[in-house]
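The values are calculated or read from the model by the stated rules, or taken from the named source; none is laboratory data. Just so it is clear, the model here is predicted, and its values are computed rather than measured. Because the Cβ atoms are built from the backbone with ideal geometry, glycine has one as well, and the counts that use them run over all protein chains shown. The protein model used for the area step is the full one, side chains on, heavy atoms only, and it has no ligands, DNA or RNA in it. Shrake-Rupley method; radii C 1.70, N 1.55, O 1.52, S 1.80 Å.
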Amino acid sequence: MDEVDAALDKENVEMVAEYFRQKASAGTQFILISLKDKVYEKADSLVGIYVERDKESSRCLTLDLTKFNQ
């Protein structure tokens, strides 16, 4: 979902993030595109896409946040 939280205030962003957190399970995952830190705080992992200019291609970086203490 692409920036479903863009027009929301911090309280409502946190509610949306918690909703997706509760609905996620071992057999279900959600991909949210967001610029809000409250969404990041509820995530199990973060995925970033960036440009490698010298190779003229995009690269993907994934961070597994479950390995860190909360």
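Checking each residue in segment 52-69 for being among the hydrophobic types (A, V, I, L, M, F, W, C) and either open to solvent by 90 Å² or more (accessible area, probe 1.4 Å) or in a loop (DSSP other than H, G, I, E, B) (or both) picks out LEU61, PHE68.
Quick check on this structure: which one of LEU46, LEU61 is under 15 Å from the mean Cα position of the chain (by Cα), in contact (Cβ under 8 Å) with a residue 12 or more places away in the chain and closer than 24 Å to LYS10 by Cα? Going through LEU46, LEU61 in turn, just one is under 15 Å from the mean Cα position of the chain (by Cα), in contact (Cβ under 8 Å) with a residue 12 or more places away in the chain and closer than 24 Å to LYS10 by Cα: LEU46. Just so you know, in segment 18-41 the residues that are loosely packed, with under 14 Cβ neighbours inside 10 Å and polar (S, T, N, Q) include one that is modelled with the lowest pLDDT, and it is SER25. For segment 1-17, a tally of residues being open to solvent by 100 Å² or more (accessible area, probe 1.4 Å) and either touching a strand residue (DSSP E or B) at 6+ places or on another chain (Cβ under 8 Å) or in contact (Cβ under 8 Å) with a residue 40 or more places away in the chain (or both) returns 2.
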